[in-house]
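What follows is a short report on a single structure.
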Amino acid sequence: MVSALPDRLSNDPSSPFYDEALLAQGVGIRFKGVEKTNVEEYCVSEGWVRVSLGKTLDRRGRPLTMKLNGAVEPYLRSISPLDAAPPPD
C-alpha cells in the first residue's frame, strides 16, 4: 500500500509520470472539491488537471484533453466490501 500519492501522475503509458501499479489500486481525484472521473493527468504542486473531452481523439488516437487550473486532491479509492471479503472455505 502506498502511504503518499505522487505529486504528478498520468494515465498515458508513454508518459514518464505513468505508474501502472498505483493506478491499479484506484486513484481518485477531487478538483476544486468535486469528484472528477475523466482525469487523464494531474499535478498537485502546480494545481492543474488534464481532463478528457468525451470520446474525442487527437490525430494520434489519444484522448483530446483540456488543462484546468485549481485545487487538486488525489486519494486512493477504498476497496468495496465485496472485494475485501475473505475467500469462502
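None of the figures in this text is laboratory data; all of them are computed from the coordinates on show. Here the structure is a predicted model, which is why all the values come from computation and not from measurement. In this analysis, Cβ positions are derived from the backbone assuming ideal geometry, glycine residues included, and neighbour counts consider all displayed protein chains.
So the values come out like this:
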{"quantity": "Length released on extending from SER14 to ARG30, taking residue separation times 0.36 nm less the Cα-Cα span", "calculated": "3.3 nm"}
{"quantity": "Ascending count of other beta-carbon atoms within 10 Å, so fewest first, for GLU46, GLU41, GLU20, GLU73", "calculated": "GLU20, GLU46, GLU73, GLU41"}
{"quantity": "Amide H within-cut-off set for TYR18, under 5 Å, with H built and near neighbours excluded", "calculated": "SER10"}
{"quantity": "Exposure proxy ranking, count of Cβ atoms within 10 Å, fewest first, for SER78, SER10", "calculated": "SER78, SER10"}
{"quantity": "Karplus (6.51, -1.76, 1.60) ³J(HN,Hα), θ = phi - 60°, over the range 17-25, in Hz, Gly and Pro reported as x", "calculated": "9, 7, 9, 4, 5, 5, 5, 5, 6"}
{"quantity": "Gyration tensor verdict on the range 8-73 (Cα atoms; rounded if a/c is under 1.5, prolate if a/b is larger than b/c, oblate otherwise)", "calculated": "oblate"}
{"quantity": "GLY28 long-range amide H proximity, modeled H, under 5 Å", "calculated": "TYR75, LEU76, ARG77"}
{"quantity": "Other-chain or far-sequence residues with amide H under 5 Å of ASP7's (modelled H)", "calculated": "none"}
{"quantity": "Per-residue ³J(HN,Hα) for the range 6-16, Karplus 6.51 cos²θ - 1.76 cosθ + 1.60, θ = phi - 60°, Hz, x for Gly and Pro", "calculated": "x, 5, 9, 8, 10, 8, 7, x, 7, 7, x"}
{"quantity": "Total formal charge among the other residues, if their Cβ is under 14 angstrom from that of GLY70, Lys/Arg +1 and Asp/Glu -1", "calculated": "+2"}
